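The values are calculated or read from the model by the stated rules, or taken from the named source; none is laboratory data. Because the structure is predicted, anything quoted here is derived from the model rather than measured. Every residue, glycine among them, receives a Cβ derived from its backbone with ideal geometry; neighbour counts consider all protein chains shown. These area figures cover heavy atoms from the full protein model, side chains too; ligands, DNA and RNA do not enter into them. Shrake-Rupley method; radii C 1.70, N 1.55, O 1.52, S 1.80 Å.
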Amino acid sequence: IENNIFDRPGDNSDSRMPNRGSSVWTWRCINTVIQNNQCLHIRGYLDSHGIHIDHENVNTFVQYNYMEDCEGGFVEILGGNVNAVYRFNVSVNDGWRNNPNWKNSNHTLWINEVVPNGKHSSDQSYIYNNTIFIDKNYSTAIDMDGTNTHIYNNIFYAVDGANIGGKQMVIKNNDTPLNMQNNLFYGSINEKFKNMDSNPKNGDPLFSNENSGTKFGYQLKAGSAALNAGVAKQGPPISGAGTGVFKDLTAYPTVDFYGNPIDLSTGTP
C-alpha cells in the first residue's frame, strides 16, 4: 500500500461518514508493507491515527510515511500482533484528540493487548528511526502493554506547550525486556519515559525548516544532536523482499526517510 495521499479520513462533514478511521489499518493480515504515503488531517473519536495496526497481524511494516495533524496520534498497535514495525516515518502534531469519555484517547505511542475475544499481547513490536514533532499546546499519552518491545533511534520533540507522555504514561512489559535506547529527547517529554532509555540522547535535532507544510522541513542541519547518535540495529526483515509484489523492496532499509543511504547494521546511524 504505497504512494497515496489520505486527506481527512474519519471526517464527519457528511452524515454517511462514521467519524472514525485511520488512513490505513490492517486486520489479521500477513506480510504487509505500507509505505511512502501522506496521512493528513485524520479525524475521529476512535482510532484515527495516521496508520494503525489492528488485531492479530503478522509482519506489518509501516515505513517512510509522512503523517500530520492526525487526531488520534502516531503509533497504534492493537492486540495479538507479531512483528509490528513503525520505522522511518515523520509524525507532525499528531495526537491532539480530547474525548471526554476517554481520558487518554490521544497517543504518541499506543500498544494495546485487547482483542475481540479477550486479551492477546502483541509480541516483538518495533518503533525505530522515526521523527515525532509536536509544537502545539497539548499533552499526549504513552500506553504500552505488550511483550518484547523495541524503541530506538527515534527523535521525540515537544515544544511550545507540547508534552509527550504528559497526559498519561503506562508501560507494561509483562516480564519481557523493553529494548529502549539511543532515542533523542528535546523539550517536554515524560521523565519516566526518558529514564527507561538505557542510552538516552538529549539536544536540539536542528530541523531544517519545520512547519513548512512539507516533509522536507524535518531534515537535519549540521550540528544536529541526532547525527551519529543512533545504535546499529536492523530490526526484522521484510519476508519475501525482492520477489513477487515485493520485488522492489529490500529485506532491510537501505535509505532513510529522505533517500540518503543508510546501513542499520553498523556504526551510529
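Count of segment 150-170 residues, restricted to those that are under 18 Å from TYR86 (Cα atoms) and open to solvent by 10 Å² or more (accessible area, probe 1.4 Å), is 4. Summed over segment 33-50, residues that are open to solvent by less than 10 Å² (accessible area, probe 1.4 Å) and touching a Cys at 6+ places or on another chain (Cβ under 9 Å) total 5. The residues listed here are ASN112, ASN129; of these, the one that is touching a Pro at 6+ places or on another chain (Cβ under 9 Å) and either surrounded by fewer than 19 Cβ atoms within 10 Å (Cβ to Cβ) or of a type outside the set (Ser, Thr, Tyr) (or both) is ASN129.
Can we say ILE171 is under 24 Å from TYR64 (Cβ atoms) and either outside any strand (DSSP E or B) or of a type outside the set (Asp, Glu) (or both)? No. Checked against the criterion of being out of contact with any helix residue (DSSP H, G or I) (no Cβ under 7 Å at 6 or more places or on another chain), surrounded by 18 or more Cβ atoms within 10 Å (Cβ to Cβ) and either at pLDDT 95 or above or farther than 22 Å from ASN65 by Cβ (or both), segment 206-214 contains not a single residue that satisfies it.
Filtered by the rule that a residue be part of a loop (DSSP other than H, G, I, E, B), free of Cβ contacts under 8 Å to residues at least 60 places away in the same chain and either hydrophobic (A, V, I, L, M, F, W, C) or over 22 Å from ASN228 (Cβ atoms) (or both), segment 144-161 gives VAL159, ASP160, GLY161. Pairing each residue of segment 44-61 that is more than 22 Å from ASP14 (Cβ to Cβ) with any residue that is among the aromatic types (Phe, Trp, Tyr), provided the two are 6+ apart or on different chains, yields C-beta distances under 6 Å for HIS52/TRP25; ASP54/TRP25; ASP54/TRP27; HIS55/TRP27.
Yes/no matrix, rows are residues, columns are (1) more than 23 Å from LEU220 (Cα to Cα); (2) in a strand (DSSP E or B); (3) under 13 Å from the mean Cα position of the chain (by Cα); (4) not aliphatic (A, V, I, L, M):
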site: THR60; (1), (2), (3), (4): yes, yes, yes, yes
site: THR108; (1), (2), (3), (4): no, yes, yes, yes
site: SER121; (1), (2), (3), (4): yes, no, no, yes
site: LYS136; (1), (2), (3), (4): no, no, no, yes
site: ILE142; (1), (2), (3), (4): yes, yes, yes, no
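For segment 62-94, the set of residues classified as touching a helix residue (DSSP H, G or I) at 6+ places or on another chain (Cβ under 6 Å) and either of a type outside the set (A, V, I, L, M) or free of Cβ contacts under 8 Å to residues at least 40 places away in the same chain (or both) consists of TYR66 only. Pairs are defined by a Cβ separation below 6 Å, a sequence spacing of at least 6 or placement on different chains, a first member in segment 95-116 that is over 17 Å from ASP145 (Cα atoms), and a second member that is among the charged types (D, E, K, R); the pairs so defined are ARG97/GLU71.
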